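The values are calculated or read from the model by the stated rules, or taken from the named source; none is laboratory data. Quick caveat: nothing in here was measured; it's all calculated off a predicted structure. Methodologically, a virtual Cβ is constructed for each residue, glycine included, from the backbone with ideal geometry; neighbour enumeration extends over all protein chains shown. For the accessible areas, the whole protein counts, side chains as well, though only heavy atoms, and no ligand, DNA or RNA atoms are used. Shrake-Rupley method; radii C 1.70, N 1.55, O 1.52, S 1.80 Å.
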Amino acid sequence: MNQKLQPGSKAPLFQVTDQHGKRVSLEQYRGRKVLISFFRYSACALCNLRIQHFIERHPAWQRQSLDIIAFFESPEINLQAYVGKQNPPFPLIADPSAVIYDQYGVESSEEKVQSTLAAPSIKDVIAEVEAAGYKLTTEEGSNFYRMPAEFLVDEDGIIRICHYSQVVTEHLPFDTIDLFAAASR
């Protein structure tokens, strides 16, 4: 397993291509705050619901100089077929070889995924996802055991908050992201 990053460390740089073929590098966000979010795969219903929530909050976060970059361990064609249909106003990055996932220490864990699926609370989560119109489905060739992770990076490229999920349904709380976005330099 790759080493997890720590708050206070410099965010690993990357240069990738988003869902529209546009080059995206972490360096181009210097001077702005960034939420870097690592999702499981592009057909993941839980991930799609989280992206929907990001889209809803995006205008307020933009006014506070917070940008979003969302990674999926999926090929570009799947990114377009699933999560790309939401047409988010921020970059979606296909990283099927998990190169950037590895740089950020994002883990895969069959044990953690299985414990999530066995938890009694999963029924409530499934109901919420289905009510939002997303189907629980797998994606051929995807890493079903990938765990989500999210990082809040400041204007100088320093990671201020690292969140490595312990269960598939866990993400950085929106209150935490909102406080980070609202904080002045």
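Run a plain Debye calculation on the range 1-104 (Cα atoms as equal point scatterers, no solvent) and give log10 I(q)/I(0) at q = 0.18, 0.21 Å⁻¹, rounded to two decimals, same order as the q list. Debye output, listed in q order: -0.89, -1.21. PRE reach from residue 22 (point 7 Å along Cα→Cβ): which of the range 68-105 fall under 14 Å by backbone N? Residues 68-70, 87-93 fall inside that zone. Converting phi to 3J(HN,Hα) with the Karplus coefficients 6.51, -1.76 and 1.60 and the offset θ = phi - 60°, the range 86-93 yields 6, 6, x, x, 9, x, 9, 10 Hz in sequence order, with x at every glycine or proline. Cysteines in the chain lacking any other cysteine Cβ under 4.7 Å from their own Cβ: 162. When Rg and Dmax of the Cα atoms in Å is calculated for this entry, the matching label among (i) 15.5, 43; (ii) 17.6, 53; (iii) 27.9, 81 is (i).
Taking all protein chains into account, the per residue accessible area for the chain stands at 48 Å² (1.4 Å probe). Could you work out how far helix 122-131 tilts from the main Cα principal axis of the chain, as a 0 to 90 degree angle to the nearest 10? Once rounded, the angle reads 80 degrees. Phi-derived couplings, Karplus 6.51 cos²θ - 1.76 cosθ + 1.60 at θ = phi - 60°, listed residue by residue for the range 42-50: 5, 8, 4, 4, 4, 5, 5, 5, 4 Hz, with x used for Gly and Pro. Note on the range 93-185: Cα convex hull, mean projected area over all directions, 7.6 nm². Think of it as helices only: each DSSP H run of n ≥ 4 in the chain is worth -39500 (n - 2.57), and spread over all residues that comes to -9000 deg cm²/dmol at 222 nm.
Of the accessible area of the range 44-158, computed with a 1.4 Å probe over protein heavy atoms only, carbon and sulfur atoms account for 51 percent. Take the Cα radius of gyration of the range 67-137 and divide it by 2.2 N^0.38 Å, N being the number of residues; the result is 1.29.
Each residue of the range 168-184 was assigned a 3J(HN,Hα) from its phi angle through the Karplus curve 6.51 cos²θ - 1.76 cosθ + 1.60 (θ = phi - 60°); the sequence is 4, 7, 9, 9, 4, x, 4, 4, 5, 5, 4, 5, 4, 4, 6, 5, 8 Hz, with glycine and proline shown as x.
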